[in-house]
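All of the numbers you see were taken from the coordinates with simple rules; none came from a lab. Keep in mind that this is a model prediction, so the values were computed, not measured. Positions of Cβ are generated from backbone atoms using ideal geometry, with glycine treated the same way; all protein chains shown enter the neighbour counts.
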Amino acid sequence: MEIKGFTYGYDGKRGDFRSEGGIKSQELLYETGVNWVCLAIVNNQETAHSFDIEFDYGGSCSDRDIMAAVERAHSHGVKVCLKPMVNCKDGVWRAYINFADSDFNGQDIYWDKWFKSYSDYMLYYAELAEETGCEMLCIGCEMCGTERKEAHWRKLIADIRAVYSGKLIYNTNHGHEEDVKWFDAVDYVGTSAYFPVADKGGATSEMMQERWRAIRDELYEVHKKWNKQIVFIEIGCRSANGCATMPWDFSHKDLPHDEEEQAAFYDSCLSVFANEEWFGGTFWWDWSTYIYDTKEEAAADNGFNIHLKKAETVLKDWYSR
């Protein structure tokens with residue numbers, strides 16, 4: 001397993017990466033033994049049917065924030081995947097960004113407009129990734145509604161390769177690995193591996209491993225098709241009972257705290273995948289820009305964070321191997 005990673009910064013705003021609290025959180029993340037960090041940078045479009053991706057100068061992470069975070073990672077010998085993401089301001093999941101394939105004259109004007117904005121966005125960060133020495137660039141995250149636009153994606157990838165010399169990955173959503181017909185154009189097959197691996201709360205690592213083995217066999221076929229390593233560029237499970245049945249969930253706030261189930265999710269995944277040569281590794285979701293300080297706070301946190309929870313011990317053990 002080449003990539004022993006974690007995602008950092010999804011909730012970051014302007015200045016956070018360079019703040020005292022942000023730096024402290026990054027340092028604690030590096031103590032887990034990661035050798036890669038995925039810096040998640042978020043900008044927005046108004047709705048799933050808007051054409052323009054906006055930069056919020058008062059809120060979005062600045063270039064200086066990214067430069068500082070990359071420099072800090074590299075000072076620890078940690079490689080960086082830069083991951084510019086697009087959210088919709090109205091709360092609709094980015095997977096639903098979509099347009100008609102043509103107007104009444106048969107022209108693809110709607111997709112042309114959106115991809116012009118998205119290409120400008122990605123090329124901006126591709127240049128920054130090149131200048132800062134980021135070893136990987138994620139060119140899209142869970143944009144399932146756009147994936148059928150193969151020609152547009154291939155042109156974008158070619159344009160990115162003209163300015164960026166590192167590795168490229170695309171992040172589809174779990175269950176959509178067969179839908180992307182242009183994985184040959186990138187260096188890794190990336191997926192958000194929020195596969196449900198339990199039927200009810202309290203499942204053990206051994207129980208989850210049975211589910212993971214079936215998923216492994218399916219993903220091995222994807223690997224063989226493209227001859228690319230599979231990377232779980234997003235994967236995680238909240239520390240709440242029942243979340244292994246819906247690892248993507250962040251909305252059920254009433255579930256009881258359960259560090260055992262979260263730890264079992266981590267251990268079961270790595271037990272099944274870590275020694276597969278075709279498996280590139282994991283970027284766990286996610287380490288907060290500002291992390292809590294005490295075990296009491298950890299016990300009150302039912303989110304994806306693992307700091308001072310049982311899953312952190314599991315991860316440190318796997319990442320030390």
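Ordering 204, 307, 73 by Cα displacement along the dipole of the range 3-319 toward the positive end leaves 73 in first place; charges were set at the Cβ atoms of Lys, Arg (+1) and Asp, Glu (-1). Under the simplified labelling scheme, the residue 249-residue 218 pair shows an inter-label distance of 1.9 nm, with each label point 7 Å from Cα along Cα→Cβ. Measuring from centroid to centroid over Cα atoms, what is the spacing of the range 43-89 and the range 163-235 in Å? What the calculation gives is 23 Å, centre to centre.
Only Cα pairs under 8 Å and at least 6 apart count here; give the relative contact order of the range 3-319 as a rounded whole percent. Provide the component values of the computation, followed by the final result.
Numbers: 629 pairs, mean separation 60.2, N = 317.
19 percent.
Pairs over the 29 Å Cα-Cα cut-off, from the set 224/309; 155/228; 79/224; 13/181; 79/228: 224/309; 13/181. Ranking of 238, 216, 321, 154 by neighbouring Cβ atoms within 10 Å, starting from the fewest: 321, 154, 216, 238.
Give me the orientation-averaged projected area of the Cα convex hull of the range 5-72, in nm², one decimal. If I average the Cα hull's projected area over directions, I get 5.1 nm².
Only beta bridges with both residues in the chain are counted; by DSSP, about 5 percent of them are antiparallel. Applying a 4.7 Å Cβ-Cβ cutoff to the chain leaves 61, 88, 134, 138, 141, 144, 237, 243, 269 as cysteine residues with no disulfide-compatible partner. Highest mean packing first, where packing is the average number of other Cβ atoms within 10 Å per residue, the peptides 188-198, 304-314, 158-168, 52-62 line up as 188-198, 304-314, 158-168, 52-62. Approximating the spin labels as points 7 Å out from Cα along Cα→Cβ, the residue 64-to-residue 294 distance works out to 3.4 nm.
Taking a Cβ cut-off of under 15 Å around residue 266, the surrounding Lys, Arg, Asp and Glu residues balance to a net charge of -3, with basic ones at +1 and acidic ones at -1.
Based on the Cβ-Cβ distance from residue 93 to residue 120, what FRET efficiency comes out when R0 is 22 Å, to the nearest 0.05? Numbers along the way, then the final one.
On the way: r = 23 Å, r/R0 = 1.03.
In this case the efficiency is close to 0.45.
Here the chain is treated with +1 on each Lys and Arg Cβ and -1 on each Asp and Glu Cβ, and its dipole about the Cα centre works out to around 440 debye.
Within the range 250-317, all pairs of alpha-carbon atoms sorted by distance into 10 Å bins from zero give the percentages 19, 49, 26, 7.
Size of the chain from its Cα atoms: along the principal axes, largest to smallest, the extents are 58, 44, 38 Å. Were the residues from residue 316 through residue 130 laid out at 0.36 nm apart, the gain over their Cα-Cα distance would be 63.9 nm.
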